[in-house]
Amino acid sequence: MTSSVREFYDALAADYHLIFPDWDASMARQAAALDGVVRDRLGAGPHRVLDCSCGIGTQAIGLAGVGHRVIGSDLSPAAVARAAVEAAARRVRLPVTVADMRALPFRAAAFDVVVCADNSLAHLLTADDVGTALTGMRRVLRDDGLLMISIRDYDELRATRPASTPPQLSTTAEGRVITFQLWHWHEDGERYDQEYFQLLPVHDDWEVRMRHVTSWALTRGQLNDAVADAGFTHGSWHEPGSSGFYQPVLTARRT
């Protein structure tokens, strides 16, 4: 992960909610899905949760809202600052800090659950960086604590190598906002550069905002191996159709 990832999310922080038709509804829906997985594995709680890639708070605010004791951390200072503002506006307690997921500044065994959602792990572009991050997540989990990672379904995407994503629409007071991505695959067939476009209505015209970032299309096998190498056990995948979460979720235990 380089400074370009931080710059990407710093630039996107003010607009990130615009990928959702209704951000608050998405927060509630995602929290319910993740909470369901946590309850199934650890019981009702409340639990101590670290969202180590919290962004502007989509999962962290939702999980705090259903009663968990959540701390949010993220590489992007702008995203973390917005998460704090949005949590306060909803009267949700969410302590936040700026932190690289490869160097989490928390004591050992501080959390029952570590969440790394929204394809965030894919911004780590080498096996060493992924391993460092996962080892750090394991360190801050209590014995038998739960790791939760959500990632795109890259097994299919690696086979088809799409050049773009379908457009996402949301509506503001000024009109509809269109968000889509163009993907440029590297020769290794595993990594790709994203051009992240948002078209915002301005009077009778459009304002185009575009950001760049690179991701690693980790297959389930690669992620299973990385999680096991970091010392986790009982790895299990939860599909969107059963979990209700919009991406596949990998859970594993610190034993």
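The values are calculated or read from the model by the stated rules, or taken from the named source; none is laboratory data. This is a predicted model, so every value here is computed, not measured. Neighbour counts run over all protein chains shown; Cβ positions are idealised from the backbone, glycine included.
Which members of the range 56-85 meet the condition of being under 15 Å from residue 24 (Cα atoms) and either under 14 Å from the mean Cα position of the chain (by Cα) or hydroxyl-bearing (Ser, Thr, Tyr) (or both)?
Answer for the range 56-85, where residues must be under 15 Å from residue 24 (Cα atoms) and either under 14 Å from the mean Cα position of the chain (by Cα) or hydroxyl-bearing (Ser, Thr, Tyr) (or both): 56, 57, 58, 59, 60, 61, 62, 63, 83.
Suppose we keep only residues that are at positive phi and in contact (Cβ under 8 Å) with a residue 40 or more places away in the chain within the range 219-255. Which one would you say is surrounded by the most Cβ atoms within 10 Å (Cβ to Cβ)?
If we take residues in the range 219-255 being at positive phi and in contact (Cβ under 8 Å) with a residue 40 or more places away in the chain, then 244 is surrounded by the most Cβ atoms within 10 Å (Cβ to Cβ).
Residues 107, 142, 91: which one is among the basic types (Lys, Arg), surrounded by fewer than 17 Cβ atoms within 10 Å (Cβ to Cβ), part of a strand (DSSP E or B) and at pLDDT 95 or above?
After ruling out the rest, the residue left standing is 142.
How many residues does the range 55-88 hold that are in a helix (DSSP H, G or I), farther than 22 Å from residue 138 by Cβ and not charged (D, E, K, R)?
15
Looking only at strands (runs of 3 or more DSSP E) that lie completely in the range 180-249, which have at least 2 residues being under 19 Å from residue 125 (Cα atoms)?
So the answer is 191-202, 205-216.
Of the numbered conditions (1) touching a residue at least 12 places away in the same chain (Cβ under 8 Å); (2) surrounded by fewer than 24 Cβ atoms within 10 Å (Cβ to Cβ); (3) out of contact with any Gly (no Cβ under 9 Å at 6 or more places or on another chain); (4) outside any loop (DSSP other than H, G, I, E, B), residue 115 fails exactly one; give the number of that condition.
(2)
Is the range 145-160 home to any residue that is assigned to a loop (DSSP other than H, G, I, E, B), touching a strand residue (DSSP E or B) at 6+ places or on another chain (Cβ under 8 Å) and without any contact (Cβ under 8 Å) to a residue 40 or more places away in the chain?
The answer is no, given that none of the residues of the range 145-160 is assigned to a loop (DSSP other than H, G, I, E, B), touching a strand residue (DSSP E or B) at 6+ places or on another chain (Cβ under 8 Å) and without any contact (Cβ under 8 Å) to a residue 40 or more places away in the chain.
Mind counting the residues in the range 171-190 that are in contact (Cβ under 8 Å) with a residue 12 or more places away in the chain, under 22 Å from residue 206 (Cβ atoms) and over 20 Å from the mean Cα position of the chain (by Cα)?
Here the count works out to 7.
Is it the case that residue 67 is more than 29 Å from residue 176 (Cβ to Cβ), in the same structural domain as residue 133 (by TED's automatic domain parsing) and in contact (Cβ under 8 Å) with a residue 40 or more places away in the chain?
In short, no.
For the range 132-143, indicate whether the set of residues that are in contact with a His (Cβ under 7 Å, 6 or more places away or on another chain) and in contact (Cβ under 8 Å) with a residue 60 or more places away in the chain is non-empty.
Taking every residue of the range 132-143 in turn, none turns out to be in contact with a His (Cβ under 7 Å, 6 or more places away or on another chain) and in contact (Cβ under 8 Å) with a residue 60 or more places away in the chain.
Out of the range 178-218, which residues are surrounded by 18 or more Cβ atoms within 10 Å (Cβ to Cβ), farther than 21 Å from residue 13 by Cβ and touching a helix residue (DSSP H, G or I) at 6+ places or on another chain (Cβ under 8 Å)?
216, 217, 218 - these are the residues of the range 178-218 that are surrounded by 18 or more Cβ atoms within 10 Å (Cβ to Cβ), farther than 21 Å from residue 13 by Cβ and touching a helix residue (DSSP H, G or I) at 6+ places or on another chain (Cβ under 8 Å).
Considering only the range 39-54, I want to know if a residue exists there that is hydroxyl-bearing (Ser, Thr, Tyr), in contact (Cβ under 8 Å) with a residue 40 or more places away in the chain, crowded, with 21+ Cβ neighbours inside 10 Å and part of a helix (DSSP H, G or I).
no
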